[in-house]
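**Q** My questions all concern the structure below.
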Amino acid sequence: MKYFTLLLLIIILVPGCGQKHGDGDHQGTAVKRTVWTKKSELFVEYTEPGVAKKSQFLLHFTELATFKPITEGSLILTFIHPSGESFSIKIDSPTKPGIFRADAVFKNTGRYTMKAALAGKTFSDEIMIDGIDVKGERDHADKKSSTEKEGYLIAFSKEQQWRIDFKTESPLRQTISSSFVSAGEFIPISSNEVTISAPLTGILSVSKRLPFLGQKINRDEAVAQIEPAVSQQGGIGQLSAAYAESKNRAALAQKEHDRAKRLYEAKAVPKRRLEEAELALDSARAALSPLERAMESIKKGTFEGRIMVRSPLKGTVVELLVSNGKAVEAGQPLMRIINTSMLWLRANIPATEIGRIKGFSQATFSVAGVGSGFKPTRLVAINDVVDAKSRTVPVIFEVSNPQGVFKAGMFADVSIRTGQVENGVTLPEEALFEDEGRFFVFVQKDGESFERREVSAGIRGNGYAHITKGVEEGERIVTKGGYYVKLASLSSRMQQGHGHEH
């Protein structure tokens, strides 16, 4: 780690050029100008021009698509006087990657406009810079000393920028939504899952092959065939006897109820006698009802003395618990079938986030290997209890799955929106740095000087942060390589207005 830090400091501190400004006849004040176009950044350093005095111009060209120096091509500088008179200088190639040098001699005082036309095999651009002031000797003598302090900035040269992954951007106005991601799992809908059990004791017939795992089953399709046991215990005989006995009890309870009702209406017995008869009748009917359904099922499913077991649900066999020829007991599970055309997606929302959620209508989810941007059909339920171990609140969404793309047991990342800002000023999150709970960014003041500025950040989403205070539209903010600028701020401070050596 020590050697890595040392390497970073070397990258930051070692300058990229070696020749000093001001090789011309006139040693004027150093001037710096930076202009951005859609394609390039031009950073110009020059000595303040005087009439009939040679002034050196140092031009740094950066291609904004890559933030690397422009390494080939010719440059034509045209200086235009307010009167319309002009002169041009042609530089055939860069002195160093990204750097062109030119010596200009001006005949007249005034405020010139400089046009820099760059032409190369793969890149060309034209940049205009106004306000190149050419003064006389008296003007220079009256000028205030350049050593007057104008504030401190962070020095970070173009050569240092070109050596790293570096980028500056202007704040972007856009709609930004904040959200958080929670782990989720697909589970079957409770009403779309069934475990089929043996209705009575017997042997699974080998004449009816059991379905295989993954087989699609239709509603009421026969999935197994049971040959009833020879013994009375647990077989159809026992079921028939139990049904007959329960039916007789229900008939006797009905007769007793009718008799008690007649006697009560004749005022021969108290009301309590009738109430007891009603309770006995209800109990007898409750005991008879499941036996009636079982007998009806067996009658419909009987084939040549065997009992057909049918699926009450359309779906897929996901678990097979028996095999052909095996003996089964009444109530023993045979297989599990799930209909996955609709699934539940259970997400565990941190208790600390549940209060920030404005609504679940904007929830989306992604599944590894399948895709992202999927939307649930609806919100099913939000649990009212926080899980004691995970400190999360289970939330269930319904997901349409007609093509069977999602599988029960799959995991998903569920993204839930917590807020939104319309047309807000935003920056990439990597542009922000935090220091003791306060956020700051690095603002590019000119080509090689930067200002550390505190900002206020709001909601974040999709890699961007809403900036509520601290930056203006049109300013250039460091969005890549800010860590190196931060290190430079610890080791190098410059006064605004000072130049550097090339």
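None of the figures in this text is laboratory data; all of them are computed from the coordinates on show. All of these numbers come straight from a predicted model, not from anything done at the bench. Please note: Cβ atoms are built from the backbone with ideal geometry, for glycine as well, and neighbour counts cover all protein chains shown.
**Q** Hey, got the Cα dimensions of region 22-148 along the principal axes, in Å, largest first?
**A** Taking the Cα atoms of region 22-148, the three principal extents are 45, 34, 24 Å.
**Q** Then there's this: Run the numbers for Asp130 and Lys314: contour at 0.36 nm per residue of separation, minus the present Cα-Cα distance, in nm.
**A** The span from Asp130 to Lys314 would gain 58.5 nm if fully extended.
**Q** Return the sequence-ordered ³J(HN,Hα) values of region 112-118 in whole Hz as given by the Karplus equation 6.51 cos²θ - 1.76 cosθ + 1.60 applied to θ = phi - 60°, using x for Gly and Pro.
**A** These are the phi-based 3J(HN,Hα) values: 8, 10, 9, 10, 10, 10, 9 Hz.
**Q** So, R0 is 30 Å and r is the distance between the beta-carbons of Lys115 and Asn462; what FRET efficiency does that work out to, to 0.05?
**A** Approximately 0.15, to the nearest 0.05.
**Q** Determine, for Met342, Met308, the number of other Cβ atoms within 10 Å of each Cβ, and report the residues in order from fewest to most.
**A** Met342, Met308
**Q** Between Ser372 and Ser400, what length comes free when the chain is fully extended (0.36 nm per residue of separation minus the Cα-Cα distance, one decimal in nm)?
**A** Length difference between fully extended and current span is 8.6 nm.
**Q** What net charge do the residues around Lys115 carry, taking every other residue with its C-beta under 13 Å from that of Lys115, with Lys and Arg at +1 and Asp and Glu at -1?
**A** Neighbourhood net charge equals -2.
**Q** Using a basic spin-label model with each label point 7 Å from the Cα along Cα→Cβ, how many nm lie between Arg273 and Arg453?
**A** 9.8
**Q** Could you give the length gained on full extension between Ala287 and Glu436, defined as 0.36 nm per residue of separation minus the Cα-Cα distance, in nm?
**A** Here the segment from Ala287 to Glu436 would lengthen by 46.4 nm.
**Q** In whole Hz and in residue order, list the ³J(HN,Hα) couplings for region 187-196 that follow from phi through the Karplus curve 6.51 cos²θ - 1.76 cosθ + 1.60, θ = phi - 60°; x for Gly and Pro.
**A** So the J values, rounded to whole Hz, are 10, x, 5, 4, 7, 10, 9, 9, 9, 8.
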